[in-house]
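Notes follow once the structure below has been shown.
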Amino acid sequence: MEGVAVKLPSYSFPIIRSPARCVTRNFRPFSISASTLKEGHPAAPSAPPASLSLGHLTRPDFPILHQEVNGSRLVYLDNAATSQKPTAVIRALQNYYESYNSNVHRGIHYLSARATEEYELARKKVSNFINASDSREIVFTRNATEAINLVAYTWGLQNIKPDDEILLTVAEHHSAIVPWQLVAQKTGAVLKFVELNGDEVPDVDNLKDMLSRKTKLVVVHHVSNVLGSVLPMKDIVVCAHDVGAKVLVDACQSVPHMVVDVQNLNADFLVASSHKMCGPTGVGFLYGKSDLLSAMPPFLGGGEMISDVFLDHSTYAEPPSRFEAGTPAIGEAIGLGAAIDYLSGLGMQKIHDYEIFLAKYLYDSLSSVPNIHIYGPVPSNHVSRAALCSFNINNIHPTDLATYLDQQHGVAIRSGHHCAQPLHRHLGVSASARASLHFYNTVEDIDDFIRALNDTVSFFNSFK
């Protein structure tokens with residue numbers, strides 16, 4: 001596979017950190033030994049002394065990581081906003097534009113046929129990646145936001161009636177709330193929201209209690225982009241289906257980080273974005289069960305989505321073409337296919353296992369910072385959380401933290417409401433800082449971040 005030149009070790013993650021040196025002149029050399037393992041973290045399995053973590057193995061594939069920012073080694077911890085792209089994806093995009101750039105589906109010449117073949121191959125790759133039963137259940141969209149709007153304006157307006165209920169949680173991303181507010185305004189439906197439990201996780205028991213025969217749709221995230229919590233999607237789907245409701249899963253923070261099997265989940269709709277899974281921006285996808293997609297009216301009108309056009313009416317193509325009006329993001333879809341090849345070559349379960357280790361290391365390390373509040377569940381043997389932490393430190397605005405970390409230490413985190421204002425209001429704050437990891441991050445990244453954060457806190461506290 002192009003761009004995947006690593007052979008993963010046969011032992012399990014987490015892996016002991018071994019002495020290593022960065023591969024470009026912009027990196028500060030670092031050396032970590034087994035003696036630096038923190039108390040309470042998993043002991044290192046027996047392995048060859050030179051073994052490296054998944055993060056160390058994959059970092060050479062990401063050119064953007066090998067640079068200095070504001071005089072310091074770049075530490076990129078903003079992966080919940082967007083992921084970085086491996087060389088294989090960059091080359092796939094370049095190859096498309098250099099070798100076979102052409103419009104798809106509507107040409108018989110070589111370039112068009114090749115572009116069409118690669119574009120449809122990307123659809124099959126997405127289908128296989130999430131284990132859809134047929135590639136025709138995959139609709140390419142601009143992003144996950146458009147995918148949710150597609151469902152809202154087609155299935156939603158067609159099926160939701162006055163006084164029907166749409167059930168969400170207070171932790172949903174704006175893109176999973178606003179479209180359904182618009183649908184409710186148009187149809188007279190009622191939105192209901194599940195609140196958090198004492199562990200700052202959406203209360204699944206309360207969600208089940210709120211389900212009724214009036215519930216027509218459950219819209220819920222798989223992994224929270226703020227809380228880091230992971231919801232039991234299969235259980236939620238079963239309970240929703242028991243009352244006749246459909247389920248739309250926001251999988252933007254799960255598909256890039258773990259095995260997601262739509263047939264196993266039995267979700268009716270699922271959305272994700274390419275740019276969060278090491279693919280290009282400007283493309284995402286909707287998964288929908290075949291019978292649901294076939295019954296849905298078009299979302300946008302134009303070329304490609306039609307069967308026949310007459311002056312007084314038109315007939316429409318079968319899915320997925322029905323929902324892909326106009327020239328699609330061809331190069332971006334092909335780049336997404338290359339990203340899926342890359343992720344699959346590493347193995348999603350290996351990625352997930354490594355990130356579970358990083359998640360606990362990040363949480364434990366952040367917990368040592370004075371006057372910090374980390375939102376979401378505490379990781380334990382029974383509770384796993386995603387490799388991200390949103391937090392606040394007493395009397396220091398999160399944007400001040402993020403600015404100083406960037407300008408003085410080259411550490412990239414995000415500050416703000418993370419497109420989750422209702423959740424932040426529920427938590428009693430207007431904003432938070434967020435550090436989020438991916439498989440190409442390392443323990444050294446976390447250590448550098450914590451040192452930089454402590455320095456940042458000291459700087460602001462010096463003015464008190």
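The values are calculated or read from the model by the stated rules, or taken from the named source; none is laboratory data. Just so it is clear, the structure is predicted and the values come from calculations on it, not from any experiment. For neighbour counting, all protein chains shown are included, and Cβ atoms are generated from backbone atoms with ideal geometry for every residue, glycine included. Note: areas computed on protein heavy atoms with side chains; ligands, DNA, RNA excluded. Shrake-Rupley method; radii C 1.70, N 1.55, O 1.52, S 1.80 Å.
Table for the structure above
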| read-out | value |
| --- | --- |
| Single unsatisfied condition, Asp308 versus (1) in contact with a helix residue (DSSP H, G or I) (Cβ under 7 Å, 6 or more places away or on another chain); (2) assigned to a strand (DSSP E or B) | (1) |
| Output for segment 237-268, where each listed residue is over 15 Å from the mean Cα position of the chain (by Cα), open to solvent by less than 10 Å² (accessible area, probe 1.4 Å) and closer than 19 Å to Glu172 by Cβ | Val237, Ala240, Ala245, Val247, Leu248, Ala267, Asp268 |
| Flag for Val204 being of a type in the set (A, V, I, L, M), modelled with pLDDT of 95 or more and buried (at least 24 other Cβ atoms within 10 Å of the Cβ) | no |
| Spans of strands (runs of 3 or more DSSP E) in segment 365-464 with at least 3 residues within 24 Å of His66 (Cβ to Cβ), open to solvent by less than 10 Å² (accessible area, probe 1.4 Å) and among the charged types (D, E, K, R) | none |
| Residues of segment 352-380 classified as farther than 24 Å from Pro256 by Cβ and in contact with a strand residue (DSSP E or B) (Cβ under 6 Å, 6 or more places away or on another chain), total | 3 |
| Selection count where residues are touching a residue at least 40 places away in the same chain (Cβ under 8 Å), open to solvent by 30 Å² or more (accessible area, probe 1.4 Å) and closer than 19 Å to Arg123 by Cβ, scope segment 278-302 | 6 |
| Qualifying residues in segment 207-226 (those that are touching a Lys or Arg at 6+ places or on another chain (Cβ under 8 Å) and of a type in the set (A, V, I, L, M, F, W, C)) - the one most open to solvent (accessible area, probe 1.4 Å) | Met210 |
| Hits in segment 75-129 - residues which are charged (D, E, K, R), modelled with pLDDT of 95 or more and farther than 18 Å from Ala339 by Cα | Asp78, Glu98, Arg114 |
| Strands (runs of 3 or more DSSP E) within segment 136-201 that include 3 or more residues within 19 Å of the chain's Cα centre (by Cα) | 138-141 |
| Every pair of residues 6+ apart whose Cβ atoms lie under 7 Å, when the first sits in segment 81-107 and is over 25 Å from Ile306 (Cα atoms) while the second is of a type outside the set (Asp, Glu) and modelled with pLDDT under 95 | Pro86/Gly3; Thr87/Gly3; Ala88/Gly3; Ala88/Val4; Arg91/Gly3 |
| Members of segment 60-71 found to be open to solvent by 20 Å² or more (accessible area, probe 1.4 Å), touching a helix residue (DSSP H, G or I) at 6+ places or on another chain (Cβ under 9 Å), at negative phi and not β-branched (Val, Ile, Thr), listed by number | Pro60, Asp61, Pro63, His66 |
| Tabulated pairs, segment 264-277, first within 23 Å of Phe439 (Cα to Cα), second assigned to a helix (DSSP H, G or I) and open to solvent by 10 Å² or more (accessible area, probe 1.4 Å), C-beta under 7 angstrom, 6+ apart or interchain | Ser274/Glu332 |
| Count - residues of segment 323-359 that are open to solvent by 20 Å² or more (accessible area, probe 1.4 Å), closer than 30 Å to Leu300 by Cα and assigned to a helix (DSSP H, G or I) | 1 |
| Inter-residue pairs, beta-carbon under 8 Å, first over 22 Å from Arg425 (Cα atoms) and in segment 178-196, second small (Gly, Ala, Ser) and part of a loop (DSSP other than H, G, I, E, B), 6+ apart | Val183/Ala189 |
| Index of the failed condition, Val178 passing every other in (1) of a type in the set (Val, Ile, Thr); (2) surrounded by fewer than 21 Cβ atoms within 10 Å (Cβ to Cβ); (3) touching a Pro at 6+ places or on another chain (Cβ under 7 Å) | (3) |
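Conditions (1) under 30 Å from Ile64 (Cβ atoms); (2) touching an Asp or Glu at 6+ places or on another chain (Cβ under 8 Å), marked per residue:
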{"site": "Ala272", "(1), (2)": "yes, no"}
{"site": "Lys276", "(1), (2)": "yes, no"}
{"site": "Leu293", "(1), (2)": "no, yes"}
{"site": "Met296", "(1), (2)": "no, no"}
{"site": "Leu311", "(1), (2)": "no, no"}
{"site": "Ser314", "(1), (2)": "no, yes"}
{"site": "Ala329", "(1), (2)": "yes, no"}
{"site": "Ser344", "(1), (2)": "yes, no"}
{"site": "Gly347", "(1), (2)": "yes, no"}
